[in-house]
Structure formats: structure tokens, C-alpha cells
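Heads up, the thing below is written out as C-alpha cells.
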Amino acid sequence: MRTQLSPTDIGLPGKLWEWSVNDAMKAILAQQEAAKTFIIRAIYRRTLDEEKRSKLLCLMHNDPTSAPWLHRVFRNQYQRGHTFGSNQIVYQGGGYTCKRLTRNTVKLEVQGLKKGKRITLKLKCRHIISGQIRLICNQDGQLSIHCTRKRTLTLPTLQVDQEIGIDKGYTEAFYTSNGDSIADGLGHLMTEKTKRITRTNRHRYRQYICLTIGKSC
């Protein structure tokens, strides 16, 4: 993508273009990794032979297009990456600076289109922003900033003897370290919606040609 479309073609500095492309590719890779769950389920439903299952699983990771059946399942689950978002941009830590002004306000300076010129934003926030951030211009004209925060877990005892966590996935919204799933089946609903949109778009702008003897219509 970087060789076919340069930052100057869309009017963005090189760093902003690189960060946005990397963020989009990470989202596509996450969707493809989540799609492997459905492919594995299809493999186990297809055959009960452990040797055939192992062979298909090996091909899924190494060469999924070599087997015709696996290739069809692979194409159905690995959706092409598309994005229609034109109201947001991604910044890494080197593209902005954040300083505290008062107890409840901070000043965020982000890189603009002109080299050496930064855009100053005053935010109502109590903590210093760090890491990757996402600037989103909403439909009402307001600007929202998405960032990550670190929170410290305080246990009732001084000795830490247990680690807990939560994992965000595709098949379910969240999965806790205790083995509980939250919003199970979310990935199935998202996949069905994606297939419906893809099926609708495939039938758009279809050309029909009708030929008769000595006359075409």
C-alpha cells in the first residue's frame, strides 16, 4: 500500500500516513486471526479423522489455498479489509505532546499538515495522555480523543497471590480469567452482518447482456 499510494497523494505527512496505515493493518490482522476460530470449527465438523484434521489445520496456517475445500472456507471467513472512516486519525507518542495546565485541564499539541506546526488542544482531563491516541471528529463537530489508561488494582491484602484479567475478542465481547464469557455470540452476529452487506454490494452495478439473432439488446 505504501508503494502504490504515497503520503503526498492524499496530502498527509509521512509519519501520520504511516501510523494510520499501521493501525488499519492491525485491525485487519485482528479480524483475520479471529476468523481462524470459525475455520477450525468447520474442520472439526467436516471429518472425525484425526490425521485429516491435523493435515487441514497445518494447511490453514501454512498454505490454505492448496486444498479446494479449505480454500472456499478460507475465502468466506477471511473478509477483505475495508474502511469508510474519514473523520479520524491516529497518532503515536512521537506525534504529540501533553502538558498539564491545571488540576482538571491539560494541553495537547498534535502534529499538523505543515511541518514544524502543531495544533494546540485544551482538554478537560486529569491525567497526562500517553501512548497511541485516536482523534475523531464527530458528526456534531465535536472532537473526541480515544486513549489508553493504566489503572492500578488494589487488593485487600498486601500480598499479591492472584492475577486477574479480561480479554477482548471477536467471538465474544470479553472473556475473563475466571472462564466467563461476556456477550457470547457477538462475533457470529458481526459476521452475519458483514456477509449481508457484502452480498448486497456484490449485486450492485451488475451488467446484463441479452443477445438475439441479428439483434442485440
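The values are calculated or read from the model by the stated rules, or taken from the named source; none is laboratory data. From a predicted model like this one, the values you see are computed outputs, not experimental measurements. Because the Cβ atoms are built from the backbone with ideal geometry, glycine has one as well, and the counts that use them run over all protein chains shown. Calculation scope for accessible area: heavy atoms of the full protein, side chains included, ligands and nucleic acids excluded. Shrake-Rupley method; radii C 1.70, N 1.55, O 1.52, S 1.80 Å.
For chymotrypsin sites (Phe, Trp or Tyr not before Pro), the sites in the range 81-145 that DSSP calls loop and that have at most 11 other Cβ atoms within 10 Å are Phe84. For the chain, the Cβ-based charge dipole about the Cα centre amounts to some 1060 debye (Lys, Arg positive; Asp, Glu negative; other atoms uncharged).
Hey, could you get me the Stokes-Einstein D for the range 95-154, Kirkwood radius over alpha-carbon pairs, 25 °C and 0.890 mPa s, rounded to whole µm² s⁻¹?
Values: Rh = 12.8 Å.
My calculation gives 192 µm²/s for D.
Against the main long axis of the alpha-carbon atoms of the chain, helix 14-46 sits at an angle near 50°. Against the chain, whose longest principal axis comes from its Cα atoms, helix 186-202 is set at around 60 degrees. Scanning the chain for trypsin sites (Lys or Arg not before Pro) that sit in a DSSP loop and have at most 14 other Cβ atoms within 10 Å, the longest stretch containing none of them is 3-79. Here the extension length gained between Leu48 and Glu192 equals 49.1 nm, from 0.36 nm per residue of separation less the Cα-Cα distance.
Grab the DSSP H runs of the chain that are 4 residues or longer, score each as -39,500 (n - 2.57), total them, divide by all residues and round the 222 nm result to the nearest 500 deg cm²/dmol.
Numbers: 5 runs with 77 residues, N = 217.
The helix-only estimate for the chain comes to -11500 deg cm²/dmol at 222 nm.
Note on Thr3 and Thr97: with the Förster distance fixed at 25 Å, the Cβ-Cβ geometry gives a FRET efficiency of about 0.20. Note: relative contact order over the chain, using C-alpha pairs below 8 Å and six or more positions apart, is 12 percent. In terms of distances greater than 18 angstrom between alpha carbons, the cross-link table entries Lys26/Lys117; Lys99/Lys122; Lys52/Lys195 yield Lys26/Lys117; Lys52/Lys195. The label-point distance for Asp167 and Lys107, in a model that sets each label 7 Å from Cα toward Cβ, rounds to 4.4 nm.
Overall form of the range 56-165: oblate. Here a/c, set by the Cα gyration tensor axes a ≥ b ≥ c, is 1.5 or more, and a/b is not larger than b/c. Calculated from the structure at hand, mean projected area of the Cα convex hull in nm² is found among [x] 22.8; [y] 12.2; [z] 11.1 as [x].
Solvent exposure of the chain amounts to 80 Å² per residue of accessible area, where only protein heavy atoms count and the probe is 1.4 Å.
Tally up the carbon and sulfur contribution to the accessible surface of the range 54-178 as a whole percent, 1.4 Å probe, everything protein left in place. Result for the range 54-178: 50 percent of the exposed heavy-atom area is carbon or sulfur.
Separation of the range 46-60 from the range 63-132 is 39 Å, based on Cα centroids.
Between the Cα long axis of helix 50-62 and the first principal axis of the chain there is an angle of about 60°, rounded to the nearest 10.
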